[in-house]
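Before any comments, here is the structure.
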Amino acid sequence: CCEILAAVMEGAVVEDNVGIGPFARLRKGAHLCKGVHVGNFGEIKDSTLGPGTKMGHFSYIGNATIGEDVNIGAGTVTCNYDGVHKNPTEIGDGAFIGSDTMLVAPVKIGAHSRTGAGAVVTKDVEPDTLVVGVPARPIKKLKEAKDD
């Protein structure tokens, strides 16, 4: 069962237990996996949001692959068009994308990483890393790597 409030959807795939809107737009190629939530005025195009991912309101996700249990803060934008090509964004499982983050594609955000509010990410972010600022830069590892 899904809860969809006043959304415009064209060529989108919506799996079970998804909550959308109000006033969200799912464009062609949008794929919302099980348990995804998209807030009001969110827009998604040619992107997959993994199971359990939450996307805040007023965000745009285009040409992106988002992992499981990711939090995408309000006002986040994948800046995917460079004037010539559409470029991909990848966000790993368990990442936390702070409000008003600009992800300048092509860019990869590692699993369990975080961006500070208002960050402009222009370079790949390693897993388990916090980045902040304009342009975003790493300020600390979030946890120590485990030896095998």
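The values are calculated or read from the model by the stated rules, or taken from the named source; none is laboratory data. The structure presented is a predicted model; accordingly, all values stated were derived computationally and were not measured. Using ideal geometry, Cβ is built from the backbone for each residue, glycine included, and neighbour counts are taken over all protein chains shown. Each accessible area value is taken on the protein alone, full model and side chains, heavy atoms only, with ligands, DNA and RNA left out. Shrake-Rupley method; radii C 1.70, N 1.55, O 1.52, S 1.80 Å.
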Return the FRET efficiency for the residue pair ARG137, LYS86: r is the Cβ-Cβ distance, R0 is 35 Å, and the value is rounded to the nearest 0.05. 0.85
Expected max-MSF residue from LEU32, LEU49, LEU130 in the GNM of the chain (alpha carbon, under 10 Å) is LEU130
Ratio of region 1-43's C-alpha Rg to 2.2 N^0.38 Å, to two decimals? 0.97
Please work out the Kirkwood hydrodynamic radius for the chain, using every pair of different C-alpha atoms, and report it in angstroms with one decimal place. 15.0
Need the list of lysines near LYS123 for cross-linking: C-alpha distance under 21 angstrom, and skip anything on the same chain fewer than eight residues off. LYS86, LYS108, LYS140, LYS141, LYS143
Output the relative contact order of region 80-124, whole-number percent, from Cα pairs under 8 angstrom with separation of 6+ residues. 38
Relative contact order %, the chain, counting alpha carbon pairs below 8 Å whose residues are six or more apart: 12
Which semi-axes, in whole Å and largest first, does the equivalent ellipsoid of region 1-75 have when worked out from the alpha carbon gyration tensor as the square roots of 5 times its eigenvalues? 14, 13, 13
If you place +1 on the Cβ of every Lys and Arg, -1 on the Cβ of every Asp and Glu, and leave all else neutral, what size is the dipole of region 31-148 about its Cα centre, to the nearest 20 Debye? 220
Taking all protein chains in place and a 1.4 Å probe, what share, in percent, of the accessible surface of the chain do carbon and sulfur account for? 54
Alpha-carbon radius of gyration plus Dmax, which is the widest Cα pair, for region 97-148 in Å: 10.8, 37
Which lysines have a Cα lying under 17 Å from the Cα of LYS54, excluding residues fewer than 8 positions away in the same chain? LYS34, LYS45
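With every protein chain left in place, what is the accessible area per residue of region 18-77 in square angstrom, probe 1.4 Å?
Here the per-residue accessible area is 34 Å².
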Coarse-grained scattering of region 70-119 at q = 0.20, 0.21, 0.25, 0.27 Å⁻¹, given as base-10 log I(q)/I(0) from a Debye sum over alpha-carbon atoms: -0.61, -0.67, -0.89, -0.99
